[in-house]
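First up is the structure itself, then whatever we jot down about it.
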Amino acid sequence: MSRLPLEGVRIVAMPVVFAGPFATMLLADLGAEVILVESIHHFPTITRGYMPRPPQFMVPTTGATFGGMGGIQTYVDHWAGDKPWERFAMFHALGRNKLSCCIDLTRPQGIEIFRRLIKVSDVFFESNAADTMEKLNLTYDALKEVNPAIICLSMPGLGCSGPHKYCSVFGAQLQALAGHTWLTRYPDLDYTTTQSLIFHSDAAAGATAAFAILCALRYRKRTGKGQFIDLAQLETVVPHLGEAIMDYTMNGRIPEPLGNRHHAMAPHGVYRCRGEDKWAVIAVSSDEEWQGFCRALGNPTWSKEERFSTVLKRLQNQDELDKLIEEWTCHHDHYEVMHVLQKEGVAAGPVLDNRDAFHDAQLNSRGFFEAVSHREAGTHLYPGMLWKMNGTPISIRKPPPCLGEHNNYVFKSVLGMSDNEICELEKEQLIGGDEYVCESPF
Amino acid sequence: MLEQALSGVKIIDLTWHISGPYCTKLLADYGADVIKVERPGKGDPARTMGPFFKDDPHPEKSGLFLHLNTNKKGITLNLKTATGRKILKELVKDADILVESFRPHVMPDLGLDYETLKKVNPGLVMVSISSFGQTGPYREFKAAEIVEYAVGGEMYSTGIAGREPLKLGGNVVQYQAGTIASVATMGALFAAEGQGNGQHVDVSIMETQAGSADRRIIYLMGYIFAGVITTRWPPPREAVRMLIMPQGVYPCKDGFVNTLSLPQWWPRYIEALGMPELKDDPKFQNLFSAEAGMEFDAIWYSWLADHDKHELFDIFLKSKIASAPVNNPEDLLGNVQLKAREYFVEIDHARTGKVTYPGAPFKLTESPWKIRCPAPLLGQHNEEIYCKQLGYPKEDLVKLREGGII
């Protein structure tokens, strides 16, 4: 049995919300020992919930939840239980393969224990606001005194330098700053109405941060040198919008949002299908594919009309074309649309809701979902690996950790504390614990 | 001298379009030596995609291609010929990594599947990026940005209730797949360098979406935990208001701002608006009241109308409220924070001259991101790679060109 690629790499992590937890998940999937340093005295922002013990009205039974945040407040079976932080869907989505221990970093003795952990670790990863580590005196400069080869990564929204360093932003703001909000809307509505709750920045920043750690680890392997990684989440999103940026820098053009359309493909869009709120997307990228598209529909007479004969004409007459296509799609199931069109070599697919995904033939045939049993949450199918490796197969090896679940491992095996020492420190609530003792921040 | 993180890593890059090239761009920008292999004559189809420099649709002037292929050396090679395949194997012999993004049948049909290449170089990491993965019933299906987002990502809940699902702007799904692929590639490189064994990495763009698209992975858990099917929300002003404070995009004097609220931020709003009297206003004592929210909106909208987006950014920055202007690319290029961090870079290219590009996605203090060369012209490095690296005499180069091989 091969070892996993990052076996033997220890990452101390204090990630919050989405991007940081996502980055450390990718590293944990590759076999790194990711130890979350949490605290029973501090409830992190939107990571294990919105508050330690939410009132029932904040444990909604639908996707519609408080403050316009969308369906990210789901708890197992709509029940928060005695330990709501162990039942919060978002933490479970990103928590696999990690360990958790609790240290109180607000007291000097806690900081001392944390420094001992840094001494025996390879990476310190955190995704808090830019001033958090400064306040705790856990900056790279402070930590490299303890461990000169340590790699530290901080990923505040706007980076670790510059006049807006301390600006507090979430995905919605990064999306707006980067120009992605500008590009994402229904062409006939303005930005106040097209309020998408989907923010690409978290996914982009998280994946890029994982890559950054791997770069620094490789450099260290070759040179023995650690370093500091200054990652501005904003700066990871901008390259993902490269062509829009380049159109401006090369041509001075400010792109207009296209909605579901494409500047060079027609038909290109989303079409209503049979059933309630069912949709399929279609993208025809060449005349050859257009011929295939017409064949798939049984060559209806309109498909032979002059106004749809070339891509330029189809782009010009898109409104009429889309109406005709929808007259066909609305009689078909969204999967049917995919199969009929793909058979003729046309890119098409169903718009899958989150339930559909669990039944999808492709995801299931590749074993994307994995069954996981969790002490507090029960057994469920979890979304699994983002890629497959035939030499060092990766998988969900451990369920998301309960708060402080690995206290004993970390303090005893990793730090070599005696039972007595652990007992004393636990009494002081400097380490250990598995329940929040702090109040709700609201 | 070893100065970049990935210096010394040798990569053969057969990828085209967006995902694969973005993956190898990340690797190249941090120091890997990437040889981009293109079809003779035509090259990467991204060369035919806009935007074009000064709107001139020339294969060396595609902004998309130029952005995605910095720091790579470019050669042409026809893999449909036996000689072409033989040359590729020579390149593979000396490489650490090969990345390709064809449909799954292509490499096996060319006789260049992983099992064959492994015999040429047992330590080789081969990364295959495809729309749906190397296996499964959809493996040969065609896709496009919108298709990947529909089947893999969270298109279903993007947009507003009563309207059709909405695609995210641009090609971010493909860029995201490329970013994930760079993580997967590095993982396999660690295994290869650590254990001496290469392997085949299978990246499905659909799975990179299902496993990473914002909200998708959370909503998948939400369904399996509690049966919640998440759909598109009503437009913000019709949605059930649960907080006094604003949430979302609002018009201001010269554009729009996106503002977020947490319940504990009410005092910050009072401070930002410069209205301390609201603290004791009986209308605003219950933070979770929808009616109070409507009352507050009246104050909020008229206050916003008096301020431009940059003023608002400064005010909210001071009061620690998460808010940002809805920028367009022009705003972004002028952004003072990005300027202070010297984010954008100017790159000189033979056909366009100096153009401004997005810069480093993260700053490594010891082993920095660096532009060593711009995106290659089609076949620009044929002589360097074929003659200097592989040792073909120059006369052969002519024959290979005449034979349509390079």
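Only the coordinates and a few stated rules stand behind these numbers; no lab work does. Because the structure is predicted, anything quoted here is derived from the model rather than measured. Every residue, glycine among them, receives a Cβ derived from its backbone with ideal geometry; neighbour counts consider all protein chains shown.
Taking the number of Cβ atoms within 10 Å of each Cβ as an exposure proxy, the fewest-first ranking of B:116, B:70 is B:116, B:70.
Treat every Asp and Glu Cβ in the protein assembly as shown as -1 and every Lys and Arg Cβ as +1, leave all other atoms uncharged, and give the resulting dipole magnitude about the Cα centre to the nearest 20 debye. Mind dumping the intermediate values first?
Numbers: 86 positive and 101 negative charges, 430 e Å.
Once rounded to the nearest 20, the dipole reads 2060 debye.
Relative contact order (percent) for region B:157-263, with alpha-carbon contacts under 8 angstrom and 6 or more residues of separation? Before the final figure, lay out the partial values.
Working: 80 pairs, mean separation 27.4, N = 107.
Relative contact order, region B:157-263: 26 percent.
Taken as Cα centroids, region A:341-401 and region A:189-257 sit 26 Å apart, rounded to the nearest whole angstrom.
Just so you know, the Cα atoms of region B:241-333 work out to an Rg and Dmax of 13.1, 45 Å. For region B:300-396, the Kirkwood hydrodynamic radius comes to 18.0 Å, computed from all pairs of different C-alpha atoms. By DSSP, the beta bridges lying fully in chain A are antiparallel in about 45 percent of cases. Here chain B is treated with +1 on each Lys and Arg Cβ and -1 on each Asp and Glu Cβ, and its dipole about the Cα centre works out to around 1020 debye. Per-residue 3J(HN,Hα) values for region B:52-65, derived from phi via the Karplus relation 6.51 cos²θ - 1.76 cosθ + 1.60 with θ = phi - 60°, read 10, 4, 6, 6, 9, x, 9, x, 9, 10, 6, x, 4, 5 Hz in sequence order (x marks Gly and Pro).
For chain A, a Gaussian network of Cα nodes joined below 10 Å ranks A:255, A:156, A:84 by mean-square fluctuation, and the top entry is A:255.
Near residue A:229, the amide H atoms lying under 5 Å from its own belong to A:152, A:153, A:154; only residues 5 or more places off or on other chains count, and H is placed 1.01 Å from N. Couplings 3J(HN,Hα) of region B:317-326, computed from phi: 4, 5, 8, 6, 10, 6, 7, 7, x, 7 Hz, in residue order, whole Hz [Karplus 6.51 cos²θ - 1.76 cosθ + 1.60, θ = phi - 60°; x for Gly and Pro]. With a Förster radius of 35 Å applied to the beta-carbon distance between residue A:438 and residue B:345, the computed FRET efficiency rounds to 0.20.
Over chain A, what is the relative contact order in percent, taking alpha-carbon pairs closer than 8 angstrom and at least six residues apart? Don't skip to the answer; put the middle values down first.
Details: 751 pairs, mean separation 89.0, N = 442.
The normalised contact order for chain A reaches 20 percent.
Ranked by the mean number of other Cβ atoms within 10 Å per residue, highest first, peptides A:237-250, B:15-28 order as B:15-28, A:237-250. Highest-first packing order for the peptide set B:172-181, B:325-334, A:316-325 is B:172-181, B:325-334, A:316-325, based on the mean count of other beta carbon atoms within 10 Å.
Once backbone amide H atoms are built at 1.01 Å from N, residue B:160 has no partners under 5 Å, excluding neighbours fewer than 5 places away on the same chain. For region B:241-333, calculate the relative contact order in percent as a whole number, restricting contacts to Cα pairs under 8 Å that are 6 or more residues apart. Computed over region B:241-333, the figure is 42 percent.
Around the amide H of residue A:370, modelled in the peptide plane, lie the amide H atoms of A:382, A:384, all under 5 Å away and 5 or more residues distant in sequence or on another chain. Extent along the principal axes, Cα only, for chain B: 88, 49, 41 Å, with the longest axis given first.
Using square roots of five times the C-alpha gyration tensor eigenvalues, list the equivalent-ellipsoid semi-axes of region A:274-326 in whole Å, biggest first. Values for region A:274-326, descending: 19, 13, 11 Å. For the pair region B:344-383 / region B:146-203, the C-alpha centres are spaced 24 Å from each other. Of A:144/B:36; A:98/B:73; A:388/B:72; B:142/B:399; A:98/A:427; B:93/B:363, which pairs sit farther than 29 Å apart, going by alpha carbon to alpha carbon? Table pairs above 29 Å Cα-Cα are A:144/B:36; A:98/B:73; B:142/B:399; B:93/B:363.
What would the Debye formula give as log10 I(q)/I(0) at q = 0.23, 0.24, 0.33 Å⁻¹ for the alpha-carbon point model of region B:63-108, no solvent? Cα-only, vacuum Debye calculation for region B:63-108: -1.09, -1.13, -1.20.
Computed from Cα positions, the angle between helix B:82-93 and the longest principal axis of chain B comes to roughly 70 degrees.
From the Kirkwood radius over Cα pairs of region A:268-359, Stokes-Einstein at 10 °C and 1.306 mPa s returns a whole-number translational diffusion coefficient of 119 µm²/s. Sparsely packed loop sites in region B:264-367 (the trypsin sites (Lys or Arg not before Pro) outside DSSP H, G, I, E and B with at most 15 other Cβ atoms within 10 Å) comprise B:320, B:351. The helix-only estimate of mean residue ellipticity at 222 nm for chain A, built from DSSP H runs of length n ≥ 4 each weighted as -39500 (n - 2.57), is -9500 deg cm²/dmol after division by the residue total. From the Kirkwood radius over Cα pairs of the protein assembly as shown, Stokes-Einstein at 37 °C and 0.692 mPa s returns a whole-number translational diffusion coefficient of 119 µm²/s.
For chain A, the spherically averaged projection of the C-alpha convex hull amounts to 25.2 nm². Which of the trypsin sites (Lys or Arg not before Pro) found in region A:335-416 are in a DSSP loop and have at most 14 neighbouring Cβ atoms, other than their own, within 10 Å? In loop regions of region A:335-416 (DSSP not H, G, I, E or B), the sparsely surrounded trypsin sites (Lys or Arg not before Pro) are A:375, A:397. Evaluating 6.51 cos²θ - 1.76 cosθ + 1.60 at θ = phi - 60° for every residue in region A:4-18, the Karplus couplings come out as 6, x, 9, 4, x, 8, 9, 10, 8, 9, 10, x, 10, 6, 10 Hz, glycine and proline recorded as x.
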